[in-house]
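Just below is one structure, and these are the notes that go with it.
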Amino acid sequence: MYYYHYFKKLLAIVAVAACALTAHAETLNVTLDECIRIALSDNPSIIVADMEIQRVDYSKKETLGQLFPQVNFVGNYNRTLAKQTMVMMDQEFKVGTDNQHSVGFQGSLPIIVPSLWKSIKLSDNQILQNIENARASRLSLVNQVKNAYYSLLLARDSKRVIEANHETALLTADVFKKQYEIGVATEYDMTRARVAATTLEPSILDAANSIEALKLQLKVLMGIDANIDIEPVETLDSYKSMMYEYTMNVDTSLVNNTNIKQLDLQTDYLRKALDVQKMSWIPTLTGSINYMWNSMSNGSPFKNFNWNPYSQASLSLAWPLFTGGQRYYKQKQTEISLREMKWQRENLTRSLNAQVQTQLNTMKSNLKQIESNAASVALAEKSDHIMQESFKLGVGTFLQIQDTQNALLGARLSYYQAIYNLLVSQSDLEFMLGNAPLSKYGVSTETNQTKK
């Protein structure tokens, strides 16, 4: 019996250790770059975008297949229900046979098909459009991951600030309690100090819930299982040195903006479509060849076969002369669409330039806000330190301590909020300009395919 209980305890210890190791294995400590790299590799929307590129490539090969000879095996059977009657010199003759069988091969080859040749270029443009759409999906995903990651850092830093303020409030409440017990402090001060400490507890719980919700959002973007816990290894302060460099050296060119690129590709598609429409005025020439075996017989269709081969080759010329003006007006519609694209691009470029300038102004304002908040934090910390020293000497009142602690809490929260605002503005501007360094995360700049 003793060994039995000992064995059970040993199993329990091993089980607890295994659970601890499993829990540790499911915690993923990540940086922002690692989050983006995982998202670009495992996010379903990116996988679908890459599959769409492959689908259009197959579509192009399907179009190319129309340039090659088409060969078919054909078979035909006819049963005569009533034979034809011929009349010659007042005499009637029944002509024909009961059964007609034919089998053989038919082949055709497009020789001159200008519209088909131009259609191949349309397929090339569709591939380029899908590649750009895939790049746009990646740029959007990078922006979403960054913003979610920054939000998580803000929630964690805010929780840490509130917890620090809560610990200080608890210490202050404990001191007031002891002072009240020896008759130095009033019951009002003791009660208010305790209330001030407990008031912060819901904020801590809210921050914890917000952290879990933001983790789930980030895991969805990364395409990983919700049961895997993730922990950022960075803080908002980690980006302080990089923020100034990016803001001061940002390239505001719109050459990589995905909206402009997509519009240019759509315009190019319309130009090629117009070329295809123009080719409809040119005649087409098609060659064909048939090699067949025929059999004609009377009676049962399953016997008395008499196969005789025959073959023929032909050329077919088709020249569309008049279609009621359909081709002409269709071309006019495409030409108007092309002119519309020109004005749309001009308007889009003007709008994007205004947005970029607005974003730059916001970033510069955020930088000034960070500097101002950093100075406020330093002053609030100094004021809090002075008040804590005065409180130890029995000089400070509860209201004075409460004011300094609230001022320090507000200054720190505003400081981190300003850093967060700047980082989000930088991420949004990077997305707008389309210059996220995708190659840094293992994505080819030529095919936008994720390297495996």
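Quick note: the coordinates plus some simple rules give every number you see, no bench work behind them. These figures come from a predicted structure and were not determined experimentally. Positions of Cβ are generated from backbone atoms using ideal geometry, with glycine treated the same way; all protein chains shown enter the neighbour counts.
What to note about this one:
- Nearest 10 degrees, 0 to 90: helix 258-279 Cα axis against the chain principal axis: 10 degrees
- Pairs from K261/K364; K146/K368; K159/K215; K364/K440 whose Cα-Cα separation, in the structure shown, is over 18 Å: K261/K364; K146/K368; K364/K440
- Neighbour-count ranking [beta-carbon atoms within 10 angstrom, fewest first] of I419, I120: I120, I419
- Mean-position separation - Cα centroids, segment 413-436 and segment 242-285, in angstrom: 27 Å
- Peptide packing: for 243-249, 82-88, 128-134, 281-287, the average count of neighbouring Cβ atoms within 10 Å per residue gives the ranking 128-134, 281-287, 243-249, 82-88, highest mean first.
- Computed [θ] at 222 nm, deg cm²/dmol, the chain (DSSP H ≥ 4; -39,500 (n - 2.57); rounded to nearest 500): -23500 deg cm²/dmol
- Cβ-based charge dipole, the chain, positive-most Cα from T286, Y415, N373: T286
- Annotation: aspartates and glutamates with alpha-carbon distance below 16 angstrom to K382 (same-chain offsets under eight excluded): D403.
- Considering only V250, T235, G223, the residue lying farthest towards the positive end of the dipole of segment 197-271 is V250, judged by Cα position with unit charges set on Cβ.
- Dipole magnitude for segment 230-278: about 500 debye, using +1 per Lys or Arg Cβ and -1 per Asp or Glu Cβ, origin at the Cα centre.
- Contact order relative to length of the chain, as percent, for alpha carbon pairs under 8 angstrom and 6 or more apart: 23 percent
- Dipole axis of segment 292-400 (+1 Lys, Arg; -1 Asp, Glu on Cβ), positive-most option in G324, N347, Q357: G324
- Computed about the Cα centre, the dipole magnitude for the chain is approximately 1800 debye when only Lys and Arg (+1) and Asp and Glu (-1) carry charge, each at its Cβ.
- Magnitude of the charge dipole, segment 279-387, Cβ model with Lys/Arg +1 and Asp/Glu -1, debye to 20: 460 debye
- Tensor-based shape of segment 205-309 (alpha-carbon gyration tensor, a/c under 1.5 rounded, otherwise prolate or oblate): oblate
- Taking all Cα pairs closer than 8 Å and separated by 6 or more residues, the relative contact order of segment 69-142 comes to 32 percent.
- Karplus 3J(HN,Hα) series, Hz, for segment 153-164 with 6.51 cos²θ - 1.76 cosθ + 1.60 (x for Gly, Pro): 5, 4, 5, 5, 5, 5, 4, 5, 5, 5, 5, 5
- Which label in (i) 22.4, 70; (ii) 39.4, 147; (iii) 22.9, 78 gives the computed Rg and Dmax of the Cα atoms in Å: (ii)
- Counted charge near D42, where neighbours are those whose Cβ lies closer than 11 Å (Asp, Glu -1; Lys, Arg +1): +1
- Radius 14 Å from Cβ of Q326, net charge of other residues (Lys, Arg +1; Asp, Glu -1): +4
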